[in-house]
Amino acid sequence: MTPRTPGRTARRPLRLPSRLPVDGYVLALLGTVALAALLPASGAAATVTEGASTGAVALLFFLYGARLSTREALDGLRHWRLHLTVLGATFLLFPLLGLAARGLVPGVLTPQLYSGFLFLCLVPSTIQSSIAFTSIARGNVPAAICAGSFSSLAGIVLTPLLAALLLGNSAGGLSADALLKIVLQLLVPFLAGQFLRRWVGGFLLRRKKVLGYVDRGSILLVVYTAFSQGMVAGIWHLVTPARLGLLLAVEAVLLAVMLAVTWYGAGRLGFGRADRIAIQFAGSKKSLAAGLPMASVLFGPQASLAVLPLMLFHQMQLMVCAVIAKRRAADPEPTDAPAAPEAVRTPAAPEAVRTPAASEAVRTPAPPEAVRAPEAPTPGGP
């Protein structure tokens, strides 16, 4: 039996949550993919689904614009350093890591999967799950709301432009036709929603639950159309189980790097614990709801392979961030308040050192008296 070393505190083991968050919506997406694989839309049905998908994308971005409060986002400008940090992680660091992964082609990733992986790195951050995990971890929830809103606003413009610049012909390039498609299907509906928000915003907020089904149903239609086009074009023979396993491994590395950089990098920049939590969850996540419609516009028939990495990354980030959020929630109350330790050390340490020194200084003259005492009898001895 090994004796316990006194004075050592046992480390708290990392415990996984009792129920990992396998998102029900991801299961619905997988079911839609299976339906497209078994019964892909072709011929006249393909024409109908493509037209419906185009309308669904426009509706989605109209609803995004009508529900997104620009005023609330602008009110958060006082936290400009935090928002710039999140935007830098989302639209600078993520794309740089995506470009660095080009060296994995063709040994690890096929060119088609790499295009989807790079597109994943260009998508804006998610709002809902970032807020939820920040709240669980006792972080700065208002900052997470504003950071997600800023990222969504910037992503409307930056994601299509970055995709056109970095993905080249895979995403249609920078042709006039591609730019017109981006403007008409993404930007115009979003701006229309923003313009009409003062009249329809309250109505939409009161029917938030119903519109949530509209959002998800529209995305499922987009996914079915994209994967049907992929099945008809016969591009799925390019993906093997081994390639999928390698893609998951690369995405796990990407997520681990971003989680570490956003947490420790925010600490080096001087942010407190609550702000670091908001930066970590908002700066390391990608929006499935924004990315899928954009991919359908940018990639066309190749959208099915382009959205596959994003769908896998979405589920991975939910599971990993759920573990991290519960871990952060179990941390001691304020771990980054330096005032309390300073207040204890400043008076205590100097006083403890000076007090014995002063007493020693008083007692030091005593030894000379003790030396003179034995010299007194010497003259009387002879």
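A short reminder: the numbers here are calculations on the coordinates, not readings from a lab. Just so you know, these numbers come straight off a predicted model, no measurement behind them. Methodologically, a virtual Cβ is constructed for each residue, glycine included, from the backbone with ideal geometry; neighbour enumeration extends over all protein chains shown.
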Notebook entry, point to check: Computed FRET efficiency, Cβ-Cβ of Val214 and Val183, R0 22 Å: what is it to the nearest 0.05?
Noted result: 0.40
Next item on the list: Return the FRET efficiency for the residue pair His237, Val26: r is the Cβ-Cβ distance, R0 is 35 Å, and the value is rounded to the nearest 0.05.
Entry: 0.90
Note to self: What lysines does Lys208 reach when the alpha-carbon gap must be under 26 Å and sequence neighbours fewer than 8 apart in one chain are set aside?
What the structure shows: Lys285, Lys286
Next item on the list: Please work out how much length the chain gains when fully extended from Leu269 to Leu161, using 0.36 nm per residue of separation minus the C-alpha to C-alpha distance, in nm with one decimal.
Entry: 36.0 nm
Next item on the list: Ratio to report: Rg/Rh of the range 135-293, with Cα atoms as the point set and Rh obtained by the Kirkwood method; give two decimals.
Entry: 1.00
Notebook entry, point to check: Using the beta-carbon distance between Leu92 and Arg198 and R0 = 41 Å, what value does 1/(1 + (r/R0)^6) give for FRET efficiency, to the nearest 0.05?
Noted result: 0.75
Margin query: Starting from the 7 Å offset along Cα-to-Cβ, what nm value, one decimal, do you get for the label separation of Ala100 and Leu244?
Written below: 2.8
Notebook entry, point to check: Sorted by packing (mean other beta-carbon atoms within 10 Å per residue), highest first, where do 194-201, 29-36 land?
Noted result: 29-36, 194-201
Next item on the list: Under 12 Å from a label point 7 Å along Cα→Cβ of Val257: give me every residue in the range 83-115 with its amide N that close.
Entry: 93-104
